Amino acid sequence: MAVLTISRSYQSGGHEIGRAVARQTGHTFVDKGRIYAEMKALGEKWGRLFEETDEASPTLWEKNDWQYRGFIAQIESIILDYALKDRAVILGRGGNFILADIPHILKVRLDAPLEVRVQRAIIKNETPRETAEALIKKTDNDRAGYVRSIYKKEWGDPRYYDRIIDTSEYTQEEIVQRLVTALQEWEGRATEEGRKKLAGRAVAAKIKARIFGHPKIFVPTLEVFHEGDDIVLRGVIHSPQERHEIEKIIEEAGGAFGVRNELRNRT
């Protein structure tokens, strides 16, 4: 089954459209509320970080902070797990970049002219024009900064989307139907290679997230990624205990993939 990712400018109607598509197709709607619940279930600190930093542009300190990197690893693992189960509509949080180059992932960008979005915000939130416009610009800048910092890509670049829709040009019902139809088309694009790539990415993300969440592990140079038939780990570890704990995580989460453990001891 196909998976839909939705990137949306603020007040473009992304949440309402995504929820309606999910309801019509029976897909799981993976929005802020669902991811927040998953993060809280992983631990109070992850829930707190989500409340404080979700889709916000990180500071230079945050971007390199071990806990913040762990926070991003948890979100990516959650998104990949939902995509692996199929039939998911994933809203925001860089989903199209996390799931790049997988044929059965339909990547959509929803936008609308600023003035249209300002008027929507005024009506929806009952706020003055200046407040509505400032909030839209801040939210858009935060989301763009988040993607730029984490994925080194430009949030609004059309090259990263299969469909770009101006939500001021169609009714919500028309947009929903277009996306439902596109999802049906995308179902035929699933390949064995694409599913393997998705599964490998999901396993790598799970291992990475568990390492970042482990209280006895601190590997600032850590890299974990899927390559061919293997999950590859690189970085510099500080003690035999760290290596032992990481190997336990690999054994538990490695699945059907081989593992190339290229972690080096600190000299």
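Odds and ends about this structure:
- Cα-projected label distance for Ser239 with Ala134, points at 7 Å along beta-carbon direction, nm: 5.0 nm
- Dipole in debye (nearest 20) - the stretch 75-156, about Cα centre, beta carbon charges: Lys, Arg +1; Asp, Glu -1: 40 debye
- Above-threshold pairs, the threshold being 23 Å between Cα atoms, out of Lys107/Lys196; Lys107/Lys153; Lys85/Lys107; Lys32/Lys138; Lys40/Lys107; Lys216/Lys248: Lys40/Lys107
- Structural descriptor for the chain: relative contact order 24 percent, calculated from alpha carbon pairs under 8 angstrom and at least 6 residues apart.
- Hydrodynamic radius (Kirkwood) for the stretch 201-261, which is based on Cα pairs only, to one decimal in Å: 11.4 Å
- In this calculation the C-beta distance from Glu185 to Asp81 is compared with R0 = 25 Å, giving a FRET efficiency of 0.50.
- Taken along the Cα-to-beta-carbon direction at a fixed 7 Å, the label points for Lys45 and Leu114 span 4.0 nm.
- Net charge of Cβ neighbours under 10 Å - reference Arg260; Lys, Arg +1; Asp, Glu -1: -3
- Between Gly95, Gly228, Gly194, the residue with the greatest mean-square fluctuation in the GNM of the chain (Cα pairs under 10 Å linked by springs) is Gly228.
- The reciprocal of the average 1/r between distinct C-alpha atoms defines the Kirkwood hydrodynamic radius, which for the chain equals 19.6 Å.
- Take 161-167, 199-205 and order them by the average number of nearby Cβ atoms within 10 Å per residue, most first; the result is 199-205, 161-167.
- Förster radius 41 Å - calculated FRET efficiency between Phe218 and Asp157 (Cβ-Cβ, nearest 0.05): 0.75
Every number here is computed from the coordinates shown, using simple stated rules; none is lab data. These figures come from a predicted structure and were not determined experimentally. When we count neighbours, we look across all protein chains shown, and the Cβ atoms used for this are built from the backbone with ideal geometry, even at glycine.
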